[in-house]
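The values are calculated or read from the model by the stated rules, or taken from the named source; none is laboratory data. Because the structure is predicted, anything quoted here is derived from the model rather than measured. Neighbour counts are summed over all protein chains in view; Cβ atoms, including those assigned to glycine, are modelled from backbone coordinates with ideal geometry. Note: areas computed on protein heavy atoms with side chains; ligands, DNA, RNA excluded. Shrake-Rupley method; radii C 1.70, N 1.55, O 1.52, S 1.80 Å.
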Amino acid sequence: MDHSRVPVLEALEEFRRRGDVVFGPPGHKQGRGVDPRVADVVGIDVFRSDVLSLNGLDDRRQSQGVLSQAQDLMADAVGAERAFFSTCGSSLSVKTAMLAVAGPGEKLLLSRNAHKSVIAAVVVNGVEPIWVHPKFDAERHLAHPPEPDDVRRRLQEHPDAKGMLLITPTDWGTCADIAGVARVCHEFDVPLIVDEAWGAHLPFHPELPAWGMDAEADLVVTSVHKMGGAIEQSSVFHLQYDRVSPEALKQREDLLGTTSASSLVYATLDGWRRQMVERGHELLDGALRRAERIRQAAADLPGLAPMGREVVDAGLAAAYDPLKIVIDVRGLGISGMQAAEWLRAERHVDVGGSDTCRISASVTHADDDETEKVLLDALHALVEAAGSLERRPPVRLPAPSALELEQAMLPREAFFAPVEHVPAERAAGRIAAEMISPYPPGVPVVAPGEVITDEVLDYLRSGVEHGVLIPDAADPSVRTLRVVART
């Protein structure tokens, strides 16, 4: 296929060349009506390029051919049989993928270290989750992806499960043995869905971890805005084999997705694909060398402990994305949240993630010598300033086994059940009717239908005292909890 072509961008360019006057949405009419004060901040070209896909970029005679051509090029670029664009972000794409495999009341294997959007999908879709617990790393207090044997055991226990959803890479860059999990799923003749939101770049360089399509996954969802070059909410479904019906996937996406798809998302997805096919290896090669320099320099700073291949060598993960710079800061006597707050306030450096133990920074093809220097200078300054930072109450981290809560009700049933709010000191033993997800990274500690324990309550309340945000709880202070009412 001719990867110098960019059908969406070409159609957008032609639309602007023609100078069409539009008498339908969007109401700003390609920037004619935008407040100049808004255009001064975001740029007038954003509005000039905000065009309806149908009767704009793509008229009725083309029957959405512009988009289908762009999707075919994407599939060819990454080795998928089919690709479908989504402008609603991978949070919604994963919900769609799950619904394409398992319907209400049916079972689906899910990795329990999933983001809250996956738990939300369980509530919305009404599937019965069969949790596959991740591999806990007690030293780092970190969850790595589950292993093939974990998946096999759960499929043997639940032979009526419709498939498996695997999250890899994790927010912290550790990766699953996708091929091993895929083989297990296929032994049971069920599909493997991979939430590879952090892995859009993986197909384009051999030194990066295995990409889901190459590792025999059936359906892979990527977020191109995370590690690629498209704007926020850019998501792609990649499909191969016949275990997931493309017709069912498109119908479920139509059910959940928007009818006002963003031409800005489509155009940037299209352009990123061309860039990666033409220059991806070269650009990612530079990013890999840069990330290694940053990791080595951070390792030389006292109190900082970057994570790398040792998690693979120790058998904790199948692979590690070297473009994720994950640094344990506990040696400085502070938490990752404190480090992230200080870096933002004092050095205007926004790291990609943080938790009680660590911070993370994503290096992409967009970084250069200047951004490398800014990050390393900021880390030097953090090390020097750490001794003067306020010592906050410690977060009482639970043992890994304490995070494996009993599922007493289906999440959907618990979420929509009659509820009451009880003081935290009386919540142990009650069934949660809400998600409670410390941010970052947004993985629910408690999901609807799970039985709350004293250990988890202690962890959550000590986290709040330390400064952890819990925005999805009915009471973000966790003084009270939303639980299923007793009948």
Summing -39500 (n - 2.57) over every DSSP H run of at least 4 in the chain, dividing by its residue total and rounding to the nearest 500, the 222 nm mean residue ellipticity is -11500 deg cm²/dmol
Of the heavy-atom accessible surface of the chain (probe 1.4 angstrom), what whole percent is carbon and sulfur?
-> 49 percent
Relative contact order, percent, of the chain when contacts are C-alpha pairs under 8 Å separated by at least 6 residues?
-> 13 percent
Net charge near residue 219 (other residues with Cβ under 12 Å of its Cβ; Lys, Arg +1; Asp, Glu -1) is -4
For the chain, compute the number of Lys pairs whose alpha carbons are separated by less than 13 Å, excluding pairs fewer than 8 positions apart on the same chain.
-> 4
In Å and whole numbers, how far do the C-alpha atoms of the range 148-269 stretch along each principal axis, longest first?
-> 45, 36, 22
Mind ranking 355-368, 87-100 by how tightly packed they are, going by the mean number of other C-beta atoms within 10 angstrom, highest first?
-> 87-100, 355-368
The range 348-451: C-alpha pair distances exceeding 17 Å, % | 68 percent
Order these peptides, 333-343, 390-400, by their mean beta-carbon neighbour count within 10 angstrom, highest first.
-> 333-343, 390-400
What whole-number value in Å² describes the accessible area per residue of the range 27-138 for a 1.4 Å probe?
-> 41 Å²
Specify the inter-centroid distance of the range 131-206 and the range 383-432, based on alpha-carbon positions, in whole Å.
-> 25 Å
How big is the chain by the Kirkwood estimate over distinct Cα pairs, in Å?
-> 23.9 Å
Quick one: accessible area per residue over the range 361-474, 1.4 Å probe, rounded to a whole number of Å²?
-> 47 Å²
